[in-house]
1. Would you mind telling me the antiparallel percentage of the DSSP bridges in the chain, rounded to 5?
2. How high is the relative contact order of the chain, in percent, with contacts defined as C-alpha pairs under 8 Å that are six or more residues apart?
3. Once you order the gyration tensor axes a ≥ b ≥ c over the Cα atoms, which shape class does region 176-218 get: rounded for a/c under 1.5, otherwise prolate or oblate by comparing a/b with b/c?
4. At most 15 other C-beta atoms within 10 Å and a DSSP loop state: those are the exposed chymotrypsin sites (Phe, Trp or Tyr not before Pro) I care about. Give me the longest piece of the chain that has none.
5. For a label point 7 Å from the Cα of Leu398 along Cα→C-beta, name the residues of region 263-280 whose backbone N is under 17 Å from it.
6. Once the other residues with Cβ under 12 Å from the Cβ of Asp284 are scored (Lys, Arg +1; Asp, Glu -1), what is the net sum?
7. Any chance you could run the full-extension gain for Val383 through Leu153? It's 0.36 nm times the residue separation minus the Cα-Cα distance, nm to one decimal.
8. Work through the residues other than Leu82 whose Cβ is under 12 Å from its Cβ and net out their charges, Lys, Arg +1 and Asp, Glu -1.
Amino acid sequence: MAAISIGIAMKRGWKWTLPGTIAILVVLKTGSAGAFLLPPLAATLLPLFKFPSKWKIAAALTLLTTGAGLCWLFPEPSMPPLRGPHKVGTRIFEIPAEGDAPKLCFQVWYPAESSGRELAPWLPDPALAPSFPFHRLGKASSRSWSNVPLIKLPRPFPILFYEHAWMGHRAENVAQVEFLANNGFVVIAVDHPGQASTIRYADGSRTAGRLISPPDLSSDQAVATFKAEAERCMMERANDLARVRKALAANLVPEWQGRLRLDHGGVFGFSFGGTTAIRLCANDPWFQTGANEDGLVLDTGRSKGPFLYFDDEIPTWLKQPAAAGETPEQSLIRRSEELTLEAAKAPSCQRLEMDGTRHESFTDRVFLCPIPRLAKAGRRPAVEIHHTIASTLAGFFLRESGPYEEPAGTR
């Protein structure tokens, strides 16, 4: 519209710039492109200036191309289509505070009976959107339908918990959890109070995280402090998940009674969420399978059941023997690598090292830009990374989900 009006304006006068200007202002106000439309907006005003038409045309083309390029380079993200056997629904729940236990907010993705009236937003709170120029995620839609019924099947659905990163949030990996729900899992992600970057509750109130992010690993003392803090955080997370499981068993959702596999389940997470998954699978028999997506492996026990380790591209220095002068952070990472290699020797465990990836490649950040390097997500295309991780997760959990055993006393 702007381009057409500019072209006409060069011949007919300034009033022909109004349609394009109005169109851009409307989109600027209601759409997600934001400041990317300022160059095209400036182009619509060129006919107001007195200089040769050929220069006006060149400037208009430059400005329009700049705006179009920015919109392409930093698009409103969309994830690949879901091709599994089920539609996907999502619901958000809250558990009231009780004693010293804080109020909990969590989201569930599940195989849905049918499509709904509206797709759920990708982020439950626009404040969670990355900073400019990746801000358009704040207005993007997911591929799951809000508050639609759980599909009816003759078997209960296996449960997976997703654990967010250190000062992350429950919606940092929507593409993966929707992929798993699309393939028959009920996936639950909890925003851990004090550990999530920000949590918005149903009443509109918010609570901010209290952790230092990124954690200070600059000295031996700082690493020791981080480990102590990590221990406390993992204990809090275990308690939060136990409260969610208890609420589900107590018919938090009456229409789901008897339709969820509540005797055991799995857990996976990104970064510190993956670290937590290891701890849960080591200490809590309910978690029989798990996966760690590029999280540090600390000296906190080893999974007792099948476990899947994902890692980004191993840096050159880590492939070499330890050298004098390594920083405390490097020593922590080297110890993590040693523990991972040792754990991966178990027949029930496997490890996948993904060349061409970086830490953030294991999150929805891969969808923020068609050039992965600009999004700090490695060098492999987003669809390729997502398909490799999500399909590996789904295959692993489908293979390792044991038969359902009805708890005693339910009949």
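1. Details: 21 of 47 bridges.
The answer is about 45 percent antiparallel.
2. Values: 755 pairs, mean separation 51.4, N = 411.
For the chain, the relative contact order is 13 percent.
3. On the way: a/c = 4.16, a/b = 1.48, b/c = 2.82.
Oblate shape, in that a/c is at least 1.5 and b/c is the bigger or equal ratio.
4. On the way: sites that count: Phe49, Tyr201, Tyr404.
With chymotrypsin sites (Phe, Trp or Tyr not before Pro) excluded where exposed in loops, the chain gives 202-403 as its longest stretch.
5. Answer for this model: 266.
6. +4
7. On the way: separation 230, 0.36 × 230 = 82.80 nm, distance 3.04 nm.
My answer for the length gained is 79.8 nm.
8. Values: positive: Arg83, Lys87, Arg143; negative: Glu178.
Spelling it out: positives minus negatives among the neighbours equals +2.
The values are calculated or read from the model by the stated rules, or taken from the named source; none is laboratory data. Treat the numbers as computed from the prediction; the structure is a model and nothing was measured. Glycine gets a Cβ as well: all are built from the backbone with ideal geometry, and neighbour counts include every protein chain shown. To get the accessible areas, we keep the full protein, side chains included, count just its heavy atoms, and leave off ligands, DNA and RNA. Shrake-Rupley method; radii C 1.70, N 1.55, O 1.52, S 1.80 Å.
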